[in-house]
Amino acid sequence: MIEKNNMSIIIVYNEFNALSRYSTESASEKAVEQTAQDVLSALTDLGYMSFLFPLRDNIGKFMHWLQDAKPDLIINLCEGFKGIPQLEPNVAAVYELLGIVYTGNNSKVLGICQDKYMTKTILNSYGLPTPRCLLINSTDQIAEMEFPVIVKPNNEDGSLGVGINAVIFNKEELRERVERIINNYEQPALVEEYIAGREFNIAIYDTFEPIALPASEIDFSGMPDGTPNICSYEAKWYEDSVLFIGSPPICPARVDHYLMEKLQQTALEAFQVLGCRDYARVDFRVADDGTIFILEVNPNPDISRSAGYARALAAAGIDYQDFWQNIIEKTLRRKQQ
């Protein structure tokens with residue numbers, strides 16, 4: 001193992017791009033810088049010499065810089081490139097091409113999980129439950145279906161493109177919503193069965209073997225009347241919003257042992273089926289009859305001190321600095337393989 005004071009660690013994150021076509025939904029992108037600061041503070045307290053690198057527009061210069069700097073490892077916090085979330089896997093692929101080990105999930109997993117429909121197809125093939133859904137590239141493909149449904153961009157995360165009007169109750173609304181998603185986000189729309197019920201997420205922590213942390217529940221009891229109980233972009237990112245205030249997380253969730261165990265086991269299976277490593281978060285809906293559905297798998301979730309992943313670590317009695325120490329050690333073991 002390399003001594004801490006001889007180790008070079010670079011924390012790479014995507015710098016906010018005000019010219020991005022997602023500039024009206026920029027809160028999630030701006031939050032990445034705070035995550036980088038939190039990680040830098042944790043690594044400094046652990047005694048590591050680590051440095052922030054905000055990734056901007058020139059990937060060629062970045063590659064040359066990495067070749068010259070020769071870091072021992074990279075803390076990968078990039079969630080896109082040039083303001084384009086779909087390029088998140090490409091950044092990880094750069095590290096792989098240069099032979100530099102990095103934290104978090106590999107480029108293949110990042111690419112698969114960014115495609116919600118593909119992820120659901122894979123999970124279903126292993127017998128893991130997801131809501132029924134259709135991938136629609138054109139309004140001409142809209143078929144008869146049972147309502148309500150929820151419509152979202154197929155290739156986004158962080159609830160991008162999911163507003164309070166994402167839950168649809170008739171075919172005319174569906175056509176309008178699908179057309180808006182395709183035009184505004186330049187990608188297919190995912191039309192998914194809307195599962196009324198409770199929403200949970202399970203954080204997975206993987207050092208020597210993956211473990212499921214205590215479940216977190218989104219408490220929708222404070223949502224305004226007439227508002228769908230969903231984790232919309234506004235509810236997730238705008239702290240002064242009535243939707244944010246009305247949907248606080250509860251971690252650990254107040255559930256019986258059976259449901260906690262079922263959520264954790266299903267999350268672990270999804271993590272392993274998709275080939276995830278280091279850490280991830282699996283989001284669920286639980287219907288009124290107790291049926292569990294996987295909504296999505298987030299392979300590199302927000303890991304700032306104020307985010308849900310850190311809350312789950314705390315609920316499990318795992319210190320934030322210890323989390324990073326163990327992830328760094330695991331990443332360095334990959335270097336020796």
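Just so you know, all these numbers are worked out from the coordinates, no wet-lab data involved. The structure displayed is predicted, hence computed values, not measured ones. Neighbour counts run over all protein chains shown; Cβ positions are idealised from the backbone, glycine included.
Remarks
- Bridge type composition, the chain - antiparallel percent by DSSP, nearest 5: 75 percent
- Assigned charges on the beta-carbon of Lys, Arg, Asp, Glu; region 161-208 dipole about Cα centre (debye): 100 debye
- Kirkwood radius and radius of gyration were both taken over the C-alpha atoms of region 133-193, and their ratio Rg/Rh is 0.91.
- Computed extension gain for PHE169 through ILE211, at 0.36 nm per residue and net of the alpha carbon distance, reaches 11.3 nm.
- The ellipsoid that matches the Cα gyration tensor of the chain has semi-axes, each √(5λ) in whole angstrom, of 33, 23, 18, with the longest given first.
- The chymotrypsin sites (Phe, Trp or Tyr not before Pro) of region 172-231 meeting both criteria, a DSSP state outside H, G, I, E and B (loop) and at most 11 other C-beta atoms within 10 angstrom of the site's C-beta, are PHE208.
- Per residue, the chain reaches -11000 deg cm²/dmol at 222 nm when only DSSP H runs of four or more residues are counted, each adding -39500 (n - 2.57).
- Candidates ILE230, ILE195, ILE136: whichever shows maximal mean-square fluctuation once the chain is modelled as a Gaussian network with Cα springs under 10 Å: ILE136
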